[in-house]
Amino acid sequence: MATKYVTVSAKIPKEVKERLEKAGVKPSKVIKEALFKALKEVEIQEFKNVVKDVEDIFKKIPDERIVENIREDREK
């Protein structure tokens, strides 16, 4: 299945656009990279939150029960 794209734009001062052009910087590339970076940071934080929740659950399980489960699994 083909990837579908949408257009995302940002308004910047004309002077900034002129300076970017003069410097050879493509605003679309910068915007795209910034959006991907922001999304990655949000997804990493969400993943860390899930890991923290799981960690909190595992802390409630006594070590003895974990050892028992591991031993039972090894015997199978």
Helical contribution to [θ] at 222 nm, DSSP H n ≥ 4, -39,500 (n - 2.57), averaged over the chain, rounded to 500: -25000 deg cm²/dmol
Footprinting exposure proxy for R74, R19 (fewest neighbouring C-beta atoms within 10 Å first): R74, R19
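Work out, step by step, the length gained on full extension between M1 and K32: first 0.36 nm times the residue separation, then minus their alpha carbon distance; give nm to one decimal.
9.0 nm
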Phi-based couplings in Hz for the stretch 8-15 (Karplus 6.51, -1.76, 1.60; Gly and Pro marked x): 10, 10, 9, 8, 10, x, 4, 4
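Stretch Q45-I61 to full length: gain in nm at 0.36 nm per residue minus the Cα-Cα span?
Details: separation 16, 0.36 × 16 = 5.76 nm, distance 2.51 nm.
Gain on extension, Q45 to I61, equals 3.3 nm.
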Total lysine pairs under 20 Å (Cα atoms) in the stretch 14-75, excluding pairs fewer than 8 apart on one chain: 18
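Every number in this text was worked out from the coordinates using simple rules, so none of it is lab data. Just so it is clear, the structure is predicted and the values come from calculations on it, not from any experiment. Neighbour counts run over all protein chains shown; Cβ positions are idealised from the backbone, glycine included.
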